[in-house]
Amino acid sequence: MEHQSLAEVMKTNVEKILSTGCLIKDLDIGLLDFPAIVNNEEVYLCWKLGEDRIRYYHRQDEGYSGRKPLDPRDLGPATKFNNTPFRVRR
């Protein structure tokens, strides 16, 4: 695929991601934020490439280093809970 075609494909895919309300924080490491409300506070759900699901959030004035677990009982990939304590803002 030539450079121009690849650039167009990437641009189209980035636009699709952004149209969902997702914020691309760092394309190199695959860091994405999703606006949400947790405990009546506007926050970002935070996902990084390689993580099996969204397990963290941070306040809007914090970044990746301020991530907190959505559910402190969630110890990793094998832990599954049906009652999630957040809702996604649209």
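Bear in mind these aren't lab numbers, they're just calculated from the coordinates by the rules spelled out. Just so we're clear, the structure is a prediction, and the values are computed from it rather than from any experiment. Heads up, the Cβs are rebuilt from the backbone with ideal geometry, glycines too, and the neighbour counts pull from every protein chain shown.
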Return the pair list, or none, for Cβ contacts closer than 9 Å from residues in segment 1-17 that are free of Cβ contacts under 8 Å to residues at least 60 places away in the same chain to residues that are surrounded by 10 or more Cβ atoms within 10 Å (Cβ to Cβ) and in a helix (DSSP H, G or I), at least 6 apart or on different chains. 1/9
Among the residues in segment 35-54, are any on the phi < 0 side of the Ramachandran plot, in contact with a helix residue (DSSP H, G or I) (Cβ under 7 Å, 6 or more places away or on another chain), surrounded by 11 or more Cβ atoms within 10 Å (Cβ to Cβ) and among the β-branched types (Val, Ile, Thr)? no
Taking segment 7-26 only, how many residues are closer than 20 Å to residue 55 by Cα and loosely packed, with under 12 Cβ neighbours inside 10 Å? 1
